[in-house]
Amino acid sequence: MSLEKFGNITNFDKKAHFIKDFFLEFYQGEIELFKSPIKHYRTRAEFSFYHDQDELYYAMFDSKSKKKFIIKNVDFPDEKICQFMPVLLEKIKRNFNLKEKLFGVEFLATKQDLSTTLLYHKNIETICDDLFQLSTDLNCNLIARSKKKKLVFKNENLTQKLKIQNKEILYKFNNDCFIQPNTFINEKMITWVNENLNLQIKKDLLELYCGYGNFTLALANNFHKVLATEISKNNINFALENCKLNNTKNIDFIRLSSEELSLALKKQRDFFRLKNLNLDIFDFSHVLVDPPRAGLDQSVIELIKNYENIIYISCNPISLKENLKILNHTHQISKMAIFDQFVHTPHLECGVFLTKK
Ligand SMILES: C[S@@+](CC[C@H](N)C(=O)[O-])C[C@H]1O[C@@H](n2cnc3c(N)ncnc32)[C@H](O)[C@@H]1O
């Protein structure tokens, strides 16, 4: 659910106005607003292909009306994606094997890298040589996917360098990781959290839904120790690699769902994945949560309300409000920001600092 429910608001100023009213019962203070550039803001862009006899076009389908839009020029994806799209299309058009049964493409860009994934309704092994040649000719990182099959040409991993408070943080991830879709806003969100941490003494941070360490690596320096958890093995593997990349030694990344973590911290269940880690050594002053759109379930709320400071990053104001109705009994909002992560859509990202009453 998004702000669509409230009349499809897509203009950022109007969205901000809506949010102020929507959360008024919990927070009457100033809300910081972070606007996105209105062009070239999307890190990840997905398109369908439309075949019309011999012609091939990029297309988008309206999810409600199912109406098809042929895409000739777009300016919302990262500039590297915009430049690469026509070049790729021309190459594919001229090769029957590459064109046949091709139905979609996903582009993923970082500040320095670009990866392209072509989606097929046929066995991609039969066109392996054509795909290899395409990747060689265009000197591009190419992935091809069809049912249960994936082929990688050149490199599957991307690197990213984020600038947070004048420090450069390095990340490595791949297409299967969760990726914040707007790099400009992502840097703003991490910086906002960093700047607003209330740290009289260095204690420990607990992070749930940590992904590949997007927030974790930038925040770790502020804390004595960090425990960061996440459900996806792929994300955790990159998080561990990202610790090495940044020479960060005070983070324990563990693959645990937030529900499993609740059980482990309450000592209601033992986990083999925790055999080398004594949870009693942590003294958490802060907990950071960045859940999926559904928000936090009851067991996670019960867990986090024990901590003095909660930082809640949310991509869905509706589930955030539902969760705040409960957290409001123990905590109060001390700071709030909204981030125009999803430009020109009814979606937006909120950040909230909560402190114990
Ligand atoms: C909104 S993303 C945030 C990721 C990360 N904080 C970032 O900025 O890239 C939510 C993350 O929660 C993970 N996730 C989804 N359900 C989960 C669960 N039940 N327990 C733990 N992690 C979960 C997803 O794999 C995803 O990486």
Return the residues of region 133-162 that are assigned to a strand (DSSP E or B) and more than 16 Å from the ligand (Cβ to nearest atom); say none if nothing qualifies. Asn141, Leu142, Ile143, Ala144, Arg145, Ser146, Lys149, Lys150, Leu151, Val152, Phe153
Condition met for Lys161 (within 27 Å of Leu138 (Cβ to Cβ), at pLDDT 95 or above and out of contact with any Gly (no Cβ under 7 Å at 6 or more places or on another chain)): yes
Going by the conditions given, is Leu279 more than 18 Å from Leu199 (Cα to Cα), away from the ligand (no atom under 15 Å from the Cβ) and either out of contact with any Ser or Thr (no Cβ under 7 Å at 6 or more places or on another chain) or in the same structural domain as Leu348 (by TED's automatic domain parsing) (or both)? yes
Within the group Asp13, Asp75, Asp62, Asp21, which residue is farther than 22 Å from Leu119 by Cβ and assigned by TED's automatic domain parsing to the domain that holds Leu118? Asp75
Enumerate the strands (runs of 3 or more DSSP E) found wholly within region 1-96, keeping only those where 1 or more residues are touching a residue at least 60 places away in the same chain (Cβ under 8 Å), closer than 29 Å to Pro292 by Cβ and touching an Asp or Glu at 6+ places or on another chain (Cβ under 8 Å). 31-34, 44-52
Any chance Leu324 is part of a helix (DSSP H, G or I) and more than 23 Å from Ile190 (Cα to Cα): no
Might you check whether a residue that is closer than 26 Å to Gln298 by Cα, surrounded by 15 or more Cβ atoms within 10 Å (Cβ to Cβ), more than 11 Å from the ligand (Cβ to nearest atom) and at pLDDT 95 or above occurs anywhere in region 237-248? no
Could you say which residue among Phe253, Phe223 is in contact with a Gly (Cβ under 8 Å, 6 or more places away or on another chain), surrounded by 15 or more Cβ atoms within 10 Å (Cβ to Cβ) and in contact (Cβ under 8 Å) with a residue 40 or more places away in the chain? Phe253
Can you name the residue in region 62-83 that is β-branched (Val, Ile, Thr) and farther than 14 Å from Phe49 by Cα and, of all such residues, is modelled with the highest pLDDT? Ile81
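The values are calculated or read from the model by the stated rules, or taken from the named source; none is laboratory data. Predicted, not measured: the structure shown is a model, and the values here were computed from it. Virtual Cβ from ideal backbone geometry, glycine too; neighbours counted across all protein chains shown.
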